[in-house]
1. Quick one: length gained pulling A:Arg204 to A:Glu20 fully straight, 0.36 nm per residue minus the C-alpha distance?
2. State the Cα centre-to-centre distance between region A:100-114 and region A:224-261 in whole Å.
3. Taking the Cα centre as origin and putting +1 on Lys and Arg beta-carbons and -1 on Asp and Glu beta-carbons, what dipole magnitude results for region A:140-256, to the nearest 20 debye?
4. Among A:Lys13/A:Lys156; A:Lys192/A:Lys263; A:Lys59/A:Lys91; A:Lys101/A:Lys223; A:Lys116/A:Lys205; A:Lys59/A:Lys140, which pairs are too far apart, with a Cα-Cα distance over 29 Å?
5. If each residue's Cβ is checked for other Cβ atoms within 10 Å, how do A:Thr77, A:Thr188 rank with the fewest at the top?
6. Suppose each label sits 7 Å from its Cα in the direction of the beta carbon; what would the A:Arg30-A:Lys12 distance come out to in nanometres?
7. Springs between alpha-carbon atoms under 10 Å, Gaussian network over chain A: tell me which of A:Ser224, A:Ser139, A:Ser11 tops the mean-square fluctuations.
8. Between A:Pro119, A:Pro154, A:Pro222, where does the largest GNM mean-square fluctuation fall for chain A, given springs only between Cα atoms within less than 10 Å?
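Please treat every number below as a calculation from the coordinates, not as lab data. Note that the structure is predicted; figures quoted are calculated from it, not measured. Note that we place each Cβ from the backbone using ideal geometry, even for glycine, and neighbour counts take in every protein chain shown.
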Amino acid sequence: MPELAEVAFYSKKWAPGLGERVTEVVCRERARIYRTAEAAQIRLGLRGRQLTEIRTRGKQMMFVFGDASLGLHLGMTGELLVAGRAHEPGKHDHLVIRQAKRSLVFRDPRMFGALKFAPVAEPDWWKELPPDVLSRGFSKDMVLRYACRRAGLPLKAFLLQQETFPGIGNWMADEILWRCRFYPGRKTGSLKRNEIIMIWEETRKVSRTALRVIGERWGDVPKSWLFHYRWRDGGKCPRDGTTLRREEIGGRTTAWCPKCQGK
DNA sequence: GGAGATGTTTCAAG
DNA sequence: GCTTGAAACATCTC
């Protein structure tokens, strides 16, 4: 489920635990989410420490516990929630961080999510993440350069590259291309300079609004967005009423309007 | 029962 | 060496 705004939203779920000490960490060690981190390290590393900071960057989250940090990626079906102090872990609750008054829970049925532990507050992997799409580091130049390098990719696949568009996922990529009126299967290399700049601009607009309405309180993005119609069979383009098409492009199911986006 | 799912990594081919 | 596309991962829902 989670893209940029959903990740921001879920990260705040653990906010009630800020400033509180960890009393116990329960890990379902065999779960696949531990393929990138050792359960024993997480258990020992977090125990007794306070949750001091919550950060997100694209689809990545980082929970700082004093001098240690827990990286968390929600994958496809991950979610964070807060439960009671003695919460009995459900079938898909692979990590439960207990505090005096609550449990911080990471639930993930498909287990495409992942964890990272580091005994420092700001680990190297975090420092190396690409600039946020709403930061100054996400520059037109950077996107233009990158478009040259990935000239052979269909636009849909181009927008899903996390090294350039961190946080953009399937629905956001469709939304951005729909706003630009570009056919998602069009090759990136066929775009003119000003068309790439349109992608840069719309990426920021879609991200800003999504963060505001979904990221803050899981609200609804505007009715005029493709978002509301893209999964429904026979869904219509909110701009011109044309029946949307759905096909796999760039390796993911893609919805687009054959009239205003071509093909 | 079968298809498909808001994601990433890995591997092989070009 | 770089780019690209497909497969794999594991479970649930429609």
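1. Working: separation 184, 0.36 × 184 = 66.24 nm, distance 3.48 nm.
Residue separation times 0.36 nm, minus the Cα-Cα distance, leaves 62.8 nm.
2. Between the Cα centres of region A:100-114 and region A:224-261 lies a distance of 33 Å.
3. Numbers: 24 positive and 13 negative charges, 51 e Å.
Value, rounded to 20: 240 debye.
4. Numbers: A:Lys13/A:Lys156 31 Å; A:Lys192/A:Lys263 19 Å; A:Lys59/A:Lys91 24 Å; A:Lys101/A:Lys223 39 Å; A:Lys116/A:Lys205 31 Å; A:Lys59/A:Lys140 21 Å.
With Cα atoms farther than 29 Å apart: A:Lys13/A:Lys156; A:Lys101/A:Lys223; A:Lys116/A:Lys205.
5. Values: A:Thr77 15, A:Thr188 24.
Ranked by crowding around the Cβ, least crowded first: A:Thr77, A:Thr188.
6. 3.8
7. A:Ser224
8. Looking only at A:Pro119, A:Pro154, A:Pro222, the largest GNM fluctuation is found for A:Pro222.
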